[in-house]
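Notes to accompany the following structure.
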2 protein chains.
Amino acid sequence: MDTMGRHVIAELWGCSIEKLNDLNYIEQVFVDAALRAGAEVREVAFHKFAPHGVSGVVIISESHLTIHSFPEHGYASIDVYTCGDRIDPNVASNYISEALGAETQEVVEVPRGMGPVQVKKPIAKVL
Amino acid sequence: MDTMGRHVIAELWGCSIEKLNDLNYIEQVFVDAALRAGAEVREVAFHKFAPHGVSGVVIISESHLTIHSFPEHGYASIDVYTCGDRIDPNVASNYISEALGAETQEVVEVPRGMGPVQVKKPIAKVL
């Protein structure tokens with residue numbers, strides 16, 4: 001497989017506090033996001049923290065999706081990394097952003113596996 | 001918990017082909033890397049691909065470590081993301097780089113959970 005990949009880093013703010021604390025909901029959203037982007041799901045691992053917050057990952061054939069949620073801040077830290085050029089990671093990250101009720105989404109895309117890391121200009125948008 | 005985090009993106013080239021294809025070895029290296037950095041391991045999920053390559057994640061209390069290996073290219077794509085300021089993600093990524101026998105390591109650090117994403121200048125070094 002070619003090493004080329006696209007890594008979307010998304011900072012979501014103003015999310016639903018309730019959703020950010022719901023492990024089952026987040027896990028389903030992440031699996032759905034992977035499938036909607038056309039990825040193949042391989043492993044799913046999520047963890048609920050006390051008193052609040054969820055961390056988790058979906059490993060896909062094309063790399064991974066991760067989340068760390070901070071319900072008390074309405075903040076979720078998202079990564080969607082897809083290898084190859086068949087899948088657009090933004091399809092997954094936009095779906096996640098909407099599903100978590102984010103008010104603002106700040107996205108930066110990092111090319112992977114292509115030599116020197118050149119980070120594209122961050123894009124912030126109010127949703 | 002504070003949203004502030006440090007996300008190290010490391011591109012490792014010239015790694016040991018044999019090690020990049022050894023799921024058990026990589027899993028142990030990643031758990032060790034997390035512990036050496038002072039992190040608390042919560043979930044471990046690794047997957048071996050046919051004909052070659054390993055993907056995996058260690059979820060820590062402080063966020064995550066991930067790998068996608070491409071043995072046929074001697075390339076490993078590493079992320080070490082740690083929340084808070086107690087842990088230095090570079091301790092883990094440097095340990096992983098050495099354990100995989102990387103000849104070159106290119107690292108970029110992305111601050112997370114602090115508002116606009118400002119990516120620090122990438123650092124490339126021959127090991």
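Every read-out reported here was derived from the displayed coordinates using simple, explicitly stated rules and does not represent laboratory data. Here the structure is a predicted model, which means the values were calculated and not measured. Cβ atoms come from the backbone with ideal geometry, glycine included; neighbour counts cover every protein chain shown.
Rounded to the nearest whole Hz, the Karplus-based 3J(HN,Hα) values (6.51 cos²θ - 1.76 cosθ + 1.60, θ = phi - 60°) of the stretch B:71-80 follow the sequence x, 5, 10, x, 10, 10, 9, 10, 10, 10, with x at glycine and proline.
For B:Asp32, inter-copy separations between label points set 7 Å beyond Cα along the Cβ vector come to 4.2 nm, shortest first.
Every helix of 4 or more DSSP H residues in chain A counts as -39500 (n - 2.57), and over all residues that averages to -6500 deg cm²/dmol at 222 nm.
For the peptide A:61-70, the mean number of other protein chain Cβ atoms found within 10 angstrom of a residue's Cβ is 5. Hydrodynamic radius of the protein assembly as shown by the Kirkwood approach over all distinct alpha-carbon pairs: 17.6 Å.
Is there a quick way to get the dipole size of the protein assembly as shown? I mean about its Cα centre, with the Cβ of Lys and Arg at +1 and of Asp and Glu at -1; what is the value in debye to the nearest 20?
Numbers: 20 positive and 34 negative charges, 75 e Å.
For the protein assembly as shown, the charge dipole is close to 360 debye.
To the nearest ten degrees, helix A:23-36 and the longest principal axis of the Cα atoms of chain A are 30 degrees apart.
Charging the Cβ of each Asp and Glu at -1 and of each Lys and Arg at +1, and nothing else, the dipole of the stretch B:5-112 about its Cα centre rounds to 220 debye.
For the stretch B:5-112, the alpha carbon convex hull comes to 75 Å³ per residue, rounded to a whole number.
Rounded to the nearest 10 degrees, the angle from helix B:89-99 to the longest Cα principal axis of chain B is 10 degrees.
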